[in-house]
Amino acid sequence: MNTVEKTKPVALVTGASAGIGEVTARQLIADGYIVYAAARRVEKMRPLEEAGARPLAMDVTKDAQVVAGMDQIIADCGRIDVLVNNAGYGSYGAIEEVPMSEARYQFEVNVFGLARLIQLALPHMRQQRSGKIVNISSMGGKVYEALGGWYHATKFAIEGLSDCLRLELAEFGIDVIVIQPGGIMTDWGDIAADKLLAVSNDSAYTQQVQRQAKVLRYSESRMPLSKPEVVAETISQALKSRRPSPRYATGYGAKLILLIRKWASDRMMDWVMRTMARQASK
């Protein structure tokens with residue numbers, strides 16, 4: 001590294017080939033970070049590389065790739081200041097019908113891959129006595145919907161893991177920040193809808209499936225979804241804060257839905273979620 005680069009903070013963003021991960025990487029480059037952008041398909045990150053990111057081939061379910069990626073960052077820069085755990089996908093389908101192999105894989109990507117990266121980053125952050133871990137959860141880490149059981153289970157897990165981690169790391173000067181996006185205009189929804197239809201369309205749940213698939217696809221949903229830049233800007237502001245909040249709700253519907261969840265009974269919340277699904281799928 002040259003003299004200027006030695007003064008720059010270092011960030012790793014996973015799931016950086018598209019959507020929230022890509023725009024977050026671009027935002028952090030603009031904010032003055034050395035940004036390592038990780039994803040399974042490096043070729044999809046060529047535009048990011050041209051913008052200044054350093055691409056890493058990383059499938060977060062493959063430990064050798066995760067370890068190699070972190071080792072490269074430390075070898076290149078000698079430190080890591082920010083870890084943005086964004087890699088993830090939505091596995092939808094009736095709990096009765098989703099194969100257990102798929103349920104396990106959903107946890108491998110969304111939870112265990114995230115946790116492994118945290119394990120690898122923490123020794124360096126503790127040595128520095130500083131660092132920020134940003135876990136991309138969802139408003140779905142506090143609320144729920146039909147046919148999303150395994151996905152929501154992973155996001156609920158991220159919320160709990162992050163709370164415990166925040167307590168563990170407070171004495172080391174390391175912040176843990178949970179980002180709770182609402183409805184965001186990315187290909188995440190189309191992927192989730194495709195999985196839902198593949199698993200449960202021809203089943204006892206068909207009517208629910210057809211309705212929920214429309215909700216998930218932003219091209220069909222009636223919801224005015226937010227652009228992923230909204231999430232990237234929220235992350236940027238959280239990282240600039242000397243004392244960041246434990247959680248940031250951002251994007252379409254997130255603050256309102258989480259406020260309702262805070263005060264509503266379970267029965268009332270069930271009604272809210274059913275009503276929202278019907279309205280969004282019309």
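Worth pointing out:
- Considering ALA170, ALA192, the condition of being outside any loop (DSSP other than H, G, I, E, B) and surrounded by fewer than 22 Cβ atoms within 10 Å (Cβ to Cβ) is satisfied by ALA170 alone.
- Residue within the range 224-236 that is over 18 Å from the mean Cα position of the chain (by Cα), β-branched (Val, Ile, Thr) and surrounded by 14 or more Cβ atoms within 10 Å (Cβ to Cβ) present: no
- Qualifying residue in the range 136-144 (condition: free of Cβ contacts under 8 Å to residues at least 24 places away in the same chain and assigned to a helix (DSSP H, G or I)): yes
- Tally, over the range 37-85, of residues that are small (Gly, Ala, Ser) and surrounded by fewer than 24 Cβ atoms within 10 Å (Cβ to Cβ): 8
- Residue, farthest from ALA37 (Cα to Cα), within the range 75-133, restricted to residues that are touching a Gly at 6+ places or on another chain (Cβ under 6 Å) and polar (S, T, N, Q): SER130
- Every pair of residues 6+ apart whose Cβ atoms lie under 6 Å, when the first sits in the range 171-184 and is closer than 15 Å to LEU122 by Cβ and free of Cβ contacts under 8 Å to residues at least 60 places away in the same chain while the second is of a type outside the set (A, V, I, L, M) and outside any loop (DSSP other than H, G, I, E, B): PHE172/ARG126; ILE174/GLY131
- Odd one out for LEU167, checked against (1) touching a Gly at 6+ places or on another chain (Cβ under 9 Å); (2) within 26 Å of ARG261 (Cβ to Cβ): (1)
- Residue in the range 244-263 that is in contact with a Ser or Thr (Cβ under 7 Å, 6 or more places away or on another chain), surrounded by 14 or more Cβ atoms within 10 Å (Cβ to Cβ), more than 22 Å from PHE156 (Cα to Cα) and modelled with pLDDT under 95 present: no
- The condition of being out of contact with any Cys (no Cβ under 9 Å at 6 or more places or on another chain), among the hydrophobic types (A, V, I, L, M, F, W, C) and either in contact (Cβ under 8 Å) with a residue 60 or more places away in the chain or over 26 Å from GLY251 (Cα atoms) (or both) holds for MET70.
- Residues being in contact with a Phe, Trp or Tyr (Cβ under 9 Å, 6 or more places away or on another chain) and more than 20 Å from GLN106 (Cα to Cα) - total across the range 28-64: 4
Residue-wise test of (1) in contact with a strand residue (DSSP E or B) (Cβ under 7 Å, 6 or more places away or on another chain); (2) of a type in the set (A, V, I, L, M, F, W, C); (3) closer than 22 Å to THR24 by Cα.
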| residue | (1), (2), (3) |
| --- | --- |
| ILE184 | yes, yes, yes |
| ASP194 | no, no, no |
| ALA204 | no, yes, no |
| VAL209 | no, yes, no |
| ALA213 | no, yes, no |
| SER245 | no, no, yes |
| ILE257 | no, yes, no |
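- Among the candidates ALA37, ALA103, the residue that is outside any loop (DSSP other than H, G, I, E, B), at pLDDT 95 or above, in contact with a Leu (Cβ under 7 Å, 6 or more places away or on another chain) and farther than 20 Å from GLN127 by Cα is uniquely ALA37.
- Qualifying positions in the range 86-124 - crowded, with 22+ Cβ neighbours inside 10 Å and of a type in the set (Gly, Ala, Ser): ALA87, GLY88, GLY90, SER91, GLY93, GLY113, ALA121
- Selection within the range 222-244 - more than 28 Å from GLN279 (Cβ to Cβ) and outside any helix (DSSP H, G or I): SER241, ARG242, ARG243, PRO244
The values are calculated or read from the model by the stated rules, or taken from the named source; none is laboratory data. All values derive from a computational prediction rather than experimental measurement. Don't worry about glycine lacking a Cβ; one is built from the backbone with ideal geometry, like all the others, and counts go over all protein chains shown.
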